[in-house]
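Working notes, structure below.
The values are calculated or read from the model by the stated rules, or taken from the named source; none is laboratory data. No experiment lies behind these values; they were computed from the predicted model shown. So basically every Cβ, Gly included, is an ideal-geometry build from the backbone, and we count neighbours across all protein chains shown. Surface accessibility is based on the protein's heavy atoms, side chains included, excluding ligands, DNA and RNA. Shrake-Rupley method; radii C 1.70, N 1.55, O 1.52, S 1.80 Å.
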Amino acid sequence: MARQSGSGVQENKKTAAKVADSALTREQLVEVYRLMYLSRRTDDREIVLKRQQKIFFQISCAGHEALLVAAGMALKPGYDWFFPYYRDRAICLTLGNTVEEQLLQAVGAADDTASGGRQMPSHWSSRKLNIVSPSSSTATQCLHAVGCAEAGRFFTKHPEAAKKHDGDYREFKDVKFHGDEVVYVSIGEGSTSQGEFWESLNTASNGKLPVLYVVEDNGYAISTPVEVNTPGGNISRLVANFPNFHFAEIDGTDPIASYKAMVEAVAYCRSGKGPALVHGHVIRPYSHSLSDDERLYRSVEELDADAAKDPISRMQMWLLREGILDADAINKLERQADEEVQRAADRAVMATLPAVASITKHVYSEDLSSQDARFDTEPQPTADATERTMADLINCCLKDEMRRDERVVVFGEDVADATRDGALRAGKIKGKGGVFKLTAGLQAEFGSDRCWNSPLAEANITGRAIGMAMRGMKPVVEIQFFDYIWPAMHQMRNELSLVRWRSNGDFSCPLVMRVPIGGYLTGGSIYHSQSGESIFTHTPGVRVVMPSNALDALGLLRTAIRCDDPVLFLEHKRLYRETFGRAAYPGPDYCIPFGKAKIVRSGKDLTVLTYGAVVPRALQAAQKLHREAGVDVELIDLRSLTPYDWEAIAESVKKTNRVIVAHEDMLSWGYGAEIAARIGDELFHDLDAPVRRVAAMDTFVAYQPLLEDAILPQPEDLYRAMAELAAF
Ligand SMILES: Cc1ncc(C[n+]2csc(CCOP(=O)(O)OP(=O)(O)O)c2C)c(N)n1
């Protein structure tokens, strides 16, 4: 059965037998076949169930079984970590996932242990086995695997950090690590086209991380053949120059060759030498999924050639030929597997379905709300009463929290003081600490494994942070400018926000993304002035906050770090060093709960709801209107955009009966639209005038200051809107 692919595939029974003798016992060989067969029969049963409309989707592992059972046997469930993709039924069965668990997911049962009826079949997850809930997005998991491996290394180096701690997210995180665990991640050859695959290789290679990549190359990505995704048609040739890797290219339909390759690769990773990539050539006998018919784009000859390599029939023949099992024994084994699948299917189709009331569970942390009373504290003045800027207090908060909680790490583009730290340690250079200097001094104080520079790749930053946070670390990462958050968008929308919900609470990734945002920069132009917060407030699972002054920035950032939800922390860069809103350092435990607005100016005639850099502009307009026309505006700084303080809004609108929602972002589809709609809906009878909005023009921010001023809402625009609404 052993073959060498690449240079002319050759059968070599003798070599195979030798490998078999040295690597796997007879019992193990039988078990390999049993698991492969069980996996195939589970796929077959799902296909029947789909045709009977008892399940709603089917995607199979067929043709990949040998490679995957081998991988499962070479690794340790519940010890190593697993980021499998949808073809990986056989490795999950090998690790201890049961057929019944898999079929419960297929029917979408309440007792689906992977997701509680939320994910499609073949989206494996098991906290017990360290199989981490995946999305359907191809390749995002590669970065999580890298982050997961970094977390294992981090806790090994900082074992004290793994301890539980009352009062913050750590209370709810059981950190497991062994020091030599391997992180398995698998991917189809088509998906290696995704940037996230390459971004992950970068860090796995540089960090010599114990990540075992398994590329399951069945030659097709749905209908697209390998040569379209992989120049030259062979991924092994393209990745070959990544330093520190162990590579193997094998016939993945041969379980013995696969096992040998996996054992070698795992040993390489476990020894700490670096990552490994096993490229297994497999087949895809069952179309991409049951929604696809491959006869539309593959010839009969091609399909026949694949069928001749089917790993199940070849392994069966081999066992017979080698005298390991006779026909009776094979029949008995297969009958038992068939019965197991039948029993599991019978139970699955009768299973209780999830309660509709369960839908909203695990969107956010059920353990520790970001609105919890423990985050409602008073400032504790210190001997130093110097008024500090928002930039200063954010930096103070990062230092406080890094001192208090060893799990906090900071990384991103240019956030370290100096990657080549010899000169820094020798005191010859001062260090950079971020393009806005918000992270200055963190690397110098806490070392390069607590604060470091990432590659210039926003998905890399976000995806790795997700992997670390899944293991219990608290990454506080920086995206250099909001304008460049978009490469991270896939990770944010499909991963960060969803890990907890899709795993039905089994996994979570509470982390903080700090992002400088906004315009009013005089020359910031299109790519350094963007807003866009409503794109993220439209994503359940992530908290979004945006302070307007130094004290709020510190208090909200501390809550962001200590809470148990992922937080997008938007820092308006025009406010970093403003005179407006400076504050004395309020002590190392000052927190502000999310969802609590602040009345900046109390008034009785009209309410203005806003946040960020519009707060000082609206205040200026309100003061002028009061001076000139006696109109008394109540100005509310929302501070926290999801959750937001509906009570404060309602109370104010009931008092003033007139309301403006103002923000820097564009008017149409903006944050104000939702607030205005809800006020219209729930407070209609309290209104004496239509709800007004003041926001940017529906365009991007131009470079020329004359244009920038016209595009963004100015104090005069706010003044005019307030005066008009007061007179309505
Ligand atoms: C980011 C993303 N784009 C597109 C899809 C739709 N899609 C699902 S599977 C697939 C093909 C994947 O092919 P390959 O990586 O070769 O794996 P295979 O299914 O052949 O095992 C595509 C395009 C997706 N799930 N995610």
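Expressed as a whole percent, the accessible area of the range 606-728 that falls on carbon and sulfur atoms is 54 (1.4 Å probe). On the range 462-583, 54 percent of the accessible area sits on carbon and sulfur atoms, based on a 1.4 Å probe. Once both labels are positioned 7 Å from their Cα atoms along Cα-to-Cβ, the gap between Asp367 and Glu339 label points is 4.2 nm. The magnitude of the dipole of the chain, with charges of +1 and -1 set on the Cβ of Lys/Arg and Asp/Glu and taken from the Cα centre, is near 1260 debye. Rounded to the nearest 0.05, what FRET efficiency do Thr699 and Trp646 give with R0 = 41 Å and r taken as the Cβ-Cβ distance? Could you check? E(calc), rounded to 0.05, equals 0.85. Peptides 63-69, 395-401, ordered by how many other C-beta atoms sit within 10 Å of their residues on average, highest first, read 63-69, 395-401. Here r is the Cβ-Cβ distance between Asn244 and Gln28 and R0 is 25 Å; the resulting FRET efficiency, rounded to 0.05, is 0.20. Each label point was placed 7 Å from the Cα along the Cα-to-Cβ direction; for Ala723 and Glu301 their separation is 8.2 nm.
All other residues with a Cβ under 15 Å from the Cβ of Gly190 taken together, and with Lys, Arg as +1 and Asp, Glu as -1, what is their net charge? Combined, the nearby Lys, Arg, Asp and Glu give -4. Taking label positions 7 Å along the Cα-Cβ direction at both Lys654 and Val228, the computed distance is 6.0 nm, reported to one decimal.
In terms of overall dimensions, the C-alpha atoms belonging to the chain reach 99, 65, 48 Å along their principal axes, ordered largest to smallest. Heavy-atom accessible surface of the range 518-674, averaged per residue, reaches 31 Å², computed with a 1.4 Å probe. Just to confirm the number: angle between the C-alpha axis of helix 65-74 and the first principal axis of the chain, 0 to 90 degrees, nearest 10? So the inclination is approximately 80 degrees. With all protein chains in place and a 1.4 Å probe, the accessible surface of the range 158-253 carries 50 percent carbon and sulfur. Heavy-atom accessible surface of the range 220-316, averaged per residue, reaches 43 Å², computed with a 1.4 Å probe.
Taking packing as the residue-averaged number of other Cβ atoms within 10 angstrom, the listed peptides 608-621, 580-593 run from highest to lowest as 608-621, 580-593. Heavy-atom accessible surface of the range 61-184, averaged per residue, reaches 28 Å², computed with a 1.4 Å probe. Rounded to whole Å, the principal axis extents of the Cα atoms in the range 304-404 read 86, 36, 28, largest first.
Peptide packing for 707-717, 660-670 was compared via the average number of neighbouring C-beta atoms within 10 Å per residue; ordered from the highest value, the list is 660-670, 707-717. With a Förster radius of 56 Å applied to the C-beta separation of Lys163 and Leu521, the computed FRET efficiency comes to 0.80. Compared with the dominant principal axis of the Cα atoms in the chain, helix 311-321 is inclined by about 30°.
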